[in-house]
Amino acid sequence: MPLRLSVPAALIIALTISACSDSTEPEPSQSGSLSFTYSGARTGDFLVSWKYAPGLDPSSFAAALESAPGSFLLTAIRTSEGDEGVLGKALYLGIDGAMTTGTYGATSGSLLLQTDANSPQTASNFDLVSGVVVLTEIEGNQISGTFSGTFVSLAIPTEGAPDSVKITDGRFDIPVLEAAFQTR
């Protein structure tokens, strides 16, 4: 059964992982990046470039979370604070299958785009309709590849079809972390 998380749950997991550190042992050096372009009901670019360090500011994070053998989530979060408050964007895509290079259909996913910090109502939540993830390289605990997908708004439309967002040009080079939030 595919793992499904709401965007807020994925956001909390990402923040928790990025804030975790064990003061008794040095953490291994971890870094990652994830980027994509989105269009449709919302348009823009998303980029997270992240390097783990003790005391890390959890405003940006990108990793693959291995929830069980053969099941993992591509997860990214980016928040920024300015005069208008905190803006947030988050993405997760669930994949089921052995972690080997190849093409996978995304089994679950969510996208959060908050565009106005003064108005939480402008946060747009989108649920995955279809998506593809291509794992092109696995080296140690780092994976890289590409992805794309179509997401539909969770808001009930007043008329017509729900808003949708299409992700293109998705690229990632991220560490794999186990569900217990240890380095794989």
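When all protein chains stay in place and ligands, DNA and RNA are ignored, the 1.4 Å accessible-area order of VAL129, VAL48, largest first, is VAL129, VAL48. Once all protein chains are placed together, GLU178 keeps about 70 Å² accessible to a 1.4 angstrom probe.
Computed with every protein chain present, the accessible area of PHE147 is close to 10 Å² [probe 1.4 Å].
In this view, the solvent-accessible surface of ILE138, computed with a 1.4 Å probe and all protein chains in place, comes to about 60 Å².
The values are calculated or read from the model by the stated rules, or taken from the named source; none is laboratory data. Keep in mind that this is a model prediction, so the values were computed, not measured. Note: areas computed on protein heavy atoms with side chains; ligands, DNA, RNA excluded. Shrake-Rupley method; radii C 1.70, N 1.55, O 1.52, S 1.80 Å.
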